[in-house]
Each structure stands twice: as structure tokens, then as C-alpha cells.
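Notes follow the structure.
The values are calculated or read from the model by the stated rules, or taken from the named source; none is laboratory data. Keep in mind it's a predicted model, so treat the numbers as computed, not measured. Ideal geometry is used to build each Cβ from the backbone, glycine not excepted, and the neighbour counts take in all protein chains shown. When the accessible area is computed, the model is the full protein with side chains, heavy atoms only, and any ligands, DNA or RNA have been set aside. Shrake-Rupley method; radii C 1.70, N 1.55, O 1.52, S 1.80 Å.
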Amino acid sequence: MPGISALRAWWAGHPPAAGAAVMATGVVSVGLHLTGDETVSRVFLWLACVAWVALAADFVVRLVAQRERWMAEARSPGALTAVAATAVLGTRFSALGRQTLAEAALALAVVLWPPLLHLVMRHWKRRMPGAVFLCCVATQGLAVLAATLAAVETAAWLAHAALVLFWLGLVLYGVALRHFDPRQVLEGAGDQWIAGGALAISALAGAELLSADSARLYLWNDDDRGVLRNVTVALLVLDLAWYVVLLAAEVARPRLRYDMRRWATVFPMGMTGAATLSVAAAVGIGWLKGPGRALVWVTVAAWLAVAAGAALKARAGITGRR
């Protein structure tokens, strides 16, 4: 049938960065859970799961039947969205009480992370778009999920593994920053926001590590906890500064046409809201809760706008209209 053929042709053309849509939808679900809007949060979780399954099936098909294409796509930074999206969903599953699913997500993300990170970093160039920071996002996504599960399962080893990933993620951020093209702040099609989103998920990882500590685990002494607290707060401050800079750049040079990389704008926005709320709880800064809630709902509005653009783009691609 012509319609089905057109649909298949459109779907076959999606790039690895399509995983950013799952990341964005998943983090909106996480943020809404933190604000207490559980029903809406579960709707977004369901949408994220459907998208993840579709992209995972396509990932396997390309690996088995289109090996050359898979290898070419695995070298692009967008390939790391597979790790980050899986970790974000795992974190939401844990909050829902589905620890077995969360553990499975962590195991899968850990398996995918080393080969994809190696392939991506081997093919970095001197001046890169914002997607270069996905090396940090993927690593910190593992740290967040590991720290979350460590708290639930009272597993000190998992918390210490998460701490190693946390510091490694910060190192990778610094390396990525050297390759980032600063002109992307004004010229990027959406993924320039990951420069801030990587700091947001790093702050969230720090908050989860702080929250994982308890009398039963006793993970950190006073000095360790003080360092972790200060670094986490500093990361959130830097993230919020990036948010202001990137938002100002959007106002100065509007880029209103839909681009798939706009999902990489929604994810950092949502992650900033989630990080703000989590840091507020972990370090006891109550006044951050209001801004955190506002940022989450701004992200919901951004998600709806990008989803509308994606739907129109998909319709045009399937019907052949311009």
C-alpha cells in the first residue's frame, strides 16, 4: 500500500539523535513526578516507553541487517542517546517502584555505554555541535540511575560506582567543552542546549548521591559530603547560567522551524527543572522548589510545541508534502 510504504520510508530515514525524543519525554515524566503530578507523569512515561521500544527494535534491525549503516550511525554523538534514554526511563521506573525494570535498564545501559562512547569519541572533530556533550549526559545518566537504585536497595557498592561515574562525567564534560563550537549558541538547531543539560544531569546525579546516604549505608563522611554538596550546588548554578545564556540567544536569533534536534532542547530544559527540585530536597534549599516547578511546566509547554512540529513534519514526510 502506498501509505504504508511512505510510512516505512519516512521511518527509515530517522537519525540516531531521534533518541533525544525519548530522553525529553522521559525527563518530563521524571519532573512531573517530582512536582506531584503523577497522572500526567505516567502519561508521559507511557509515551516514552512506546518510543523507546520502537527505536530499540529499529536499533536491533539495523545492527543485524544493516551493519554498515549501524556502524556509521554509532560513530555520531547522537548514538549515545540510546544510553541516556534507557537510563532516564530506568530512573523513572525506580520511582514508580518497578525496581526489576530499573535494574534491567541499568544493565542494558551499562552494556551499551562503553562501545558507543569509544566509537563516538574516536570520531570527534575539532569544532562540534552541542551533541558532543552527550558523552557526559550518558555517563551521568548511569550515575543517576545507579545512585537511585543504591538508595532503594541499600547497596553501598552501587553508590560508590555511581560516584566514580559522577566524577568521570565531569571530566568528560571538560573534554567535550574543548571540542564544542561556541558559535553553536547562536547558530545551533537545538542541540546546543545540551551544553547546559549535561550540567543539569550532573547536578541531579550529585543530588541523588547525597540522598542515597543514610544511617544504614553511611556512604560519606562530613568532608566528603561537604565536597559533594558544594560541587552539586555549583553545577546547578552553572546550569542555570547556561539556561539564561541559551534562552537569551534564542530570543536574539529565533530559530522557529522544526528540527529533530529540538528534542535536544526540551531534554535540558526538563533536566534543569528536575535537577532544581532534587537539589532543593537533597541540600535543604526550600526556596528552589518554586522555580523548579515553574521550569518543569515550561518544559511541558516546550514539549507540546516540539511534538506538534514533529507531527506536522511526519505528516509532510509521509504524504510527500513540503
Probe 1.4 Å, protein heavy atoms only - accessible area per residue of segment 205-251 in square angstrom: 53
Reciprocal mean inverse distance between Cα atoms of segment 123-181 - Kirkwood radius, Å: 12.0
Nonlocal amide H pairs with Met128, under 5 Å, H built at 1.01 Å: Phe180, Asp181
Lys, Arg +1 and Asp, Glu -1 on Cβ, resulting dipole of the chain about Cα centre, debye, nearest 20: 1280
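Using a probe radius of 1.4 Å on heavy atoms only, what accessible surface per residue do you get for segment 100-201? Whole Å² is fine.
Values: 4050 Å² over 102 residues.
The answer is 40 Å² per residue.
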Where labels lie 7 Å past Cα in the beta-carbon direction, separation of Ala301 and Leu186 in nm: 2.7
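Within the chain, which whole H helices from DSSP have a Cα span along their axis of at least 18 Å and a mean Kyte-Doolittle hydropathy of 1.0 or more, if any?
Working: long enough: 19-35 (24 Å, 1.48); 38-65 (40 Å, 1.58); 81-95 (21 Å, 1.08); 99-122 (34 Å, 1.28); 134-153 (28 Å, 1.74); 156-179 (35 Å, 1.51); 194-212 (26 Å, 1.61); 222-252 (45 Å, 1.02); 263-283 (30 Å, 1.31); 289-319 (45 Å, 0.89).
Going by DSSP H runs, the hits are 19-35, 38-65, 81-95, 99-122, 134-153, 156-179, 194-212, 222-252, 263-283.
Expressed as a whole percentage, what fraction of the accessible surface of the chain belongs to carbon and sulfur atoms when a 1.4 Å probe is rolled over the protein heavy atoms?
Values: 9800 of 14800 Å².
Roughly 66 percent of what the probe reaches on the chain is carbon or sulfur.
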Whole-number D in µm²/s for segment 33-91 (Stokes-Einstein; Kirkwood sum over Cα pairs; 4 °C, 1.567 mPa s): 100
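Per residue of the chain, what 222 nm ellipticity follows from adding -39500 (n - 2.57) for every DSSP H run with n ≥ 4, rounded to the nearest 500? Could you put the intermediate results ahead of the total?
Working: 13 runs with 253 residues, N = 322.
Helix-only estimate at 222 nm: -27000 deg cm²/dmol.
I'm a student and want to see the number: the projected area of the Cα convex hull of segment 267-313, averaged over all directions, in nm². Can you show the working numbers first?
On the way: hull surface 11.8 nm².
If I average the Cα hull's projected area over directions, I get 3.0 nm².
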Distance between segment 93-144 and segment 203-242 - C-alpha centres, whole angstrom: 20
Translational D in µm²/s for the chain (Stokes-Einstein at 4 °C, 1.567 mPa s, Kirkwood Rh from C-alpha pairs): 66
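Please work out whether segment 225-322 counts as rounded, prolate or oblate from its C-alpha gyration tensor, where a ≥ b ≥ c are the square roots of the eigenvalues and a/c under 1.5 means rounded, while otherwise a/b larger than b/c means prolate and anything else oblate?
On the way: a/c = 3.06, a/b = 2.45, b/c = 1.25.
Prolate is the answer for segment 225-322, as a/c is 1.5 or above and a/b outweighs b/c.
Would you mind getting me the FRET efficiency between Val64 and Lys125? Use the beta-carbon distance for r and R0 = 25 Å, nearest 0.05. Intermediate values should be presented prior to the final figure.
Numbers: r = 29 Å, r/R0 = 1.17.
E(calc), rounded to 0.05, equals 0.30.
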Cα-centred dipole magnitude for segment 245-322, charges only on beta-carbon of K, R (+1) and D, E (-1), debye, nearest 20: 440
Choice from Leu149, Leu106, Leu158 showing the highest fluctuation, given a GNM over the chain with Cα pairs closer than 10 Å: Leu158
